[in-house]
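Contents: one structure, followed by commentary.
What follows draws every value from the coordinates through simple rules; no lab data is involved. All figures in this text were calculated on a predicted structure; none of them were measured in a lab. Backbone-built Cβ (ideal geometry, glycine too); neighbour counts: all protein chains shown.
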Amino acid sequence: MKLADLARQLNAACSGDPDLEITSVAGIEEAGAGQLTFVANPKYAPLARSTKAAAVLVRDDFPVIQAATLRCSNPYLAFARAIEIFYEPPVYPPGIHPTAVIDATATLGANAHIAAYAVIGAEVSIGDNAVLLPHVVIYPRARIGNGFFAHAHAVVREGCVLGDRVVLQNGAIVGSDGFGFAKTDDGRWHKIMQSGPVEMGDDVEVQANACIDRASIGATRIGRGVKIDNLAQVGHGSSVDENTLLCAQVGLAGSTHVGKNVMLAGQVGVAGHCRIGDGVIATGQTGLHGDIPPGKILSGSPGMENRRWLRATSIFYRLPEILKRLEKADGGSPSAETASKQGG
């Protein structure tokens, strides 16, 4: 594809030879002749001057470099679209594999692709253009909208409701039982029936081996545009509002309510029965408890304001040095720890 044609498709301004042939995309350090790369993070800006790429996607105000450039307001998004242009995904034509098991009461929309050993239960309804790859299981009474795409071994449990264009990656489980048990008088654990479904909006993606638990009563709700990364856990009765990101290994305990446009980075844990306000950002491995006001940036465990956490961690690494200074200022008397060891 000629550079000028690619610029038009990406709504970018072309600076360089418009007839330059672009054949594929690559990262800035690996890119070579005929390839398009991008710079979105300032950390990689110096590499743009030495890259062997034929062309670089950059911001409108990026300095002039030797390589041809495509200039736009959001090079990261433009590069994502460029990947779509050059990548040829597998094609799944309409049809039902003879080993698929589909209950007679289930309804499928037009153009469904149902692969080998998929199972669709009683009274299930699935909209148009669905793709169910091998070993996908849809339990009875699930209702799923148009454009559903379920990779191998994904599961949707009984009664769950999914909107349009939902994507389930391999092993994603929607509607598994919540972790609910009541202790009996003799000390045993009695399982609490998890009767409420998962209700999921449009354009949600749940990635590999993530689990969204059904609720004991009511429903677990996932809003429009939410993206849930690998190995994440959404506890029973929780709600996650639209356009929120839950990164890898995030865990939400039961009845957690997460607002809109929240970003919980890898391994963030959230205690149950609390509310996370709109626009909150929690950095990796943050532990959150209690209600969090909108717009906060939090780090650490227990979670605290990010700048305070940065100062605290800086002091933590200096504690041995600080201790020596305190001992010296105190006339060289031993610290409490040293005195304890001497006394022992």
Quiz prompt | Whole-angstrom gap from the stretch 9-44 to the stretch 220-292, using each part's C-alpha centre | solution = 35 Å
Quiz item: For the chain, taking Cα atoms only, what is the radius of gyration to one decimal and the Dmax to the nearest whole Å?
Solution: 26.4, 87
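Residue separation times 0.36 nm, minus the C-alpha to C-alpha distance between Phe316 and Leu47: what's the value? Intermediate values should be presented prior to the final figure.
Working: separation 269, 0.36 × 269 = 96.84 nm, distance 3.48 nm.
So the chain would gain 93.4 nm between Phe316 and Leu47.
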Practice problem: Using only Cα atoms, locate the centre of the stretch 73-110 and the centre of the stretch 125-161, then give the distance between them in Å, rounded to an integer. | Solution: 13 Å
Self-check item: Loop-resident sites, the stretch 96-190, for trypsin sites (Lys or Arg not before Pro), counting at most 15 other Cβ within 10 Å (DSSP)
Solution: Arg188
Self-check item: Selected from Asp202, Asp278, Asp19 as most flexible by GNM, with the chain as the system and alpha-carbon contacts under 10 Å
Solution: Asp19
Quiz prompt | Convex hull of Cα atoms in the stretch 189-305, direction-averaged projection (nm²) | solution = 6.7 nm²
Quiz item: What value, in deg cm²/dmol to 500, does the helix sum -39500 (n - 2.57) over DSSP H runs of n ≥ 4 give at 222 nm once divided by the residues of the chain?
Solution: -4500 deg cm²/dmol
Exercise. Using label points projected 7 Å from each Cα along Cα→Cβ, tell me how many nm separate Ala182 and Glu30, to one decimal.
Key: 5.5 nm
Exercise. Pick out, in residue order, every one of the trypsin sites (Lys or Arg not before Pro) in the stretch 22-56 that is DSSP loop and has at most 15 other C-beta atoms within 10 Å; say none if there are none.
Key: Lys52
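Taking the Cα centre of the stretch 3-86 as origin and charging only Cβ (+1 Lys, Arg; -1 Asp, Glu), how large is the dipole, in debye to the nearest 20?
Working: 7 positive and 9 negative charges, 53 e Å.
With Lys and Arg at +1 and Asp and Glu at -1, about 260 debye.
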Quiz item: Of the residues Ala118, Ala253, Ala104, which exhibits the maximal mean-square fluctuation in a Gaussian network model of the chain defined by a 10 Å Cα contact cut-off?
Solution: Ala104
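About the Cα centre of the chain, what is the dipole size in debye to 20, counting +1 per Lys and Arg Cβ and -1 per Asp and Glu Cβ, all else neutral?
Numbers: 30 positive and 33 negative charges, 222 e Å.
Its charge dipole is roughly 1060 debye.
Give the range of the longest stretch in the chain that excludes all GluC sites (Glu not before Pro) found in loop regions by DSSP and having at most 13 other beta-carbon atoms within 10 Å. Mind showing how you got there, number by number?
Details: sites that count: Glu29, Glu30.
Between the exposed loop sites, the longest stretch runs 31-344.
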Quiz item: Most fluctuating residue of Gly225, Gly16, Gly259 in a GNM of the chain with Cα springs under 10 Å: which is it?
Solution: Gly16
Quiz prompt | Derived scalar couplings ³J(HN,Hα) [the stretch 267-284; Karplus, 6.51 cos²θ - 1.76 cosθ + 1.60; whole Hz; x for Gly, Pro] | solution = 6, 5, x, 10, 5, x, 6, 9, 10, 9, x, 4, x, 5, 10, 10, 6, x
Quiz item: Along the principal axes of its C-alpha atoms, what lengths does the stretch 3-86 span, in descending order and rounded to whole Å?
Solution: 28, 25, 22
